[in-house]
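Taking it in order: structure first as structure tokens, then the write-up.
The values are calculated or read from the model by the stated rules, or taken from the named source; none is laboratory data. Everything quoted here is computed from the prediction, not taken from an experiment. In this analysis, Cβ positions are derived from the backbone assuming ideal geometry, glycine residues included, and neighbour counts consider all displayed protein chains.
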Amino acid sequence: MPLKDRPSTEIIPSLFLHDERMRLQYSSVAGLDEAGRGPLAGPVVAAAAILPHGCLIAGLRDSKKISAKNIKPVFWDVVQNAHAIGVGIVDAGTIDEINILESTRLAMKKALNDLGLKPDLLLIDAVKLGEMDIPQMSYVKGESVSASIAAASVVAKVVRDDIMLGYHKKYPAYNFKSHKGYSTEEHMKKIELYGPCPIHRMSFRKVKDVPLPFKHE
């Protein structure tokens with residue numbers, strides 16, 4: 001049901017109203033966000049999401065504010081309701097080569113290419129993509145401003161978390177299923193004990209400066 005036809009007593013979250021205002025000028029609006037800029041291991045994953053006019057998704061907000069129990073149902077609601085979704089993945093080796101900011105931009109561009117549709121406007125969390133033939137707007141904490149960005153943040157997080165669960169099976173000693181590569185106390189102790197594995201970001205100071213066993217000799 002379009003937002004204008006919904007009961008006046010229904011409270012519409014501001015992030016959905018924001019995107020509806022954008023659609024008054026741009027018919028197709030894509031939100032972009034990433035997951036995994038901060039971790040010490042694994043890829044950075046970006047997602048692009050185009051939601052239809054009048055779309056409301058219960059529980060949709062910044063993915064970091066959705067519980068582990070609830071995020072998959074929200075993810076599937078996004079997937080089932082979106083006009084289009086794209087995902088871009090940049091691995092740790094590329095992050096070491098070109099830095100995490102450029103890797104984030106690259107992942108977002110890959111996500112846009114994966115959409116299959118060309119949006120009329122990009123709403124992006126935190127970064128700008130440089131010269132493009134699509135207008136773009138960047139927001140600080142964009143997942144709390146735009147429903148499209150929030151949808152992208154949920155997709156990016158779920159995809160990345162699933163990737164890290166796969167890496168947990170490949171490198172079980174690091175317990176990636178618990179910390180997803182972030183610099184928790186447990187993860188730091190694992191790196192110190194076993195050294196970095198092939199998915200660690202060797203250019204990150206906390207990885208390259210960790211006191212490894214042979215340094216104590």
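Among the residues of this structure, K64 counts as one that is under 27 Å from E20 (Cβ atoms), in a helix (DSSP H, G or I), of a type in the set (K, R) and at pLDDT below 95.
Among the residues of region 105-119, count how many are within 10 Å of V29 (Cα to Cα), surrounded by 16 or more Cβ atoms within 10 Å (Cβ to Cβ) and among the charged types (D, E, K, R). Quick ask: steps written out before the conclusion?
As a first pass, look at region 105-119 and keep what is within 10 Å of V29 (Cα to Cα): 118-119.
After this cut, where a residue has to be surrounded by 16 or more Cβ atoms within 10 Å (Cβ to Cβ) as well, the list is 119.
If we keep only those that are among the charged types (D, E, K, R) too, we end up with none.
Adding up the residues that qualify gives 0.
No other residue among A150, A156 is of a type in the set (G, A, S), under 22 Å from F75 (Cα atoms), touching a helix residue (DSSP H, G or I) at 6+ places or on another chain (Cβ under 7 Å) and at pLDDT 95 or above apart from A150. Give the residues of region 65-88 that are touching a helix residue (DSSP H, G or I) at 6+ places or on another chain (Cβ under 8 Å), farther than 19 Å from I50 by Cβ and of a type in the set (A, V, I, L, M, F, W, C), sorted by residue number. Answer for region 65-88, where residues must be touching a helix residue (DSSP H, G or I) at 6+ places or on another chain (Cβ under 8 Å), farther than 19 Å from I50 by Cβ and of a type in the set (A, V, I, L, M, F, W, C): I66, I71. Applying the criterion of at least 3 residues that are touching a residue at least 60 places away in the same chain (Cβ under 8 Å) and not hydrophobic (A, V, I, L, M, F, W, C) to the helices (runs of 4 or more DSSP H) found wholly in region 138-204 leaves 147-170.
Which one is nearest to K110 (Cα to Cα), of the residues in region 26-61 that are part of a loop (DSSP other than H, G, I, E, B) and touching a strand residue (DSSP E or B) at 6+ places or on another chain (Cβ under 8 Å)?
Just the residues of region 26-61 that are part of a loop (DSSP other than H, G, I, E, B), to begin with: 26-28, 36-40, 42-43, 51-61.
Keeping just the survivors that are touching a strand residue (DSSP E or B) at 6+ places or on another chain (Cβ under 8 Å) gives 26, 28, 36-37, 40, 43, 51.
Values: Y26: 22, S28: 18, G36: 15, R37: 16, L40: 22, P43: 13, L51: 19 Å.
Per the criteria, the residue is P43.
Evaluate the following for D125: is it loosely packed, with under 15 Cβ neighbours inside 10 Å, acidic (D, E) and within 22 Å of A84 (Cβ to Cβ)?
Values: loosely packed, with under 15 Cβ neighbours inside 10 Å: no; acidic (D, E): yes; within 22 Å of A84 (Cβ to Cβ): yes.
Taking the combined requirement at face value, the residue does not satisfy it.
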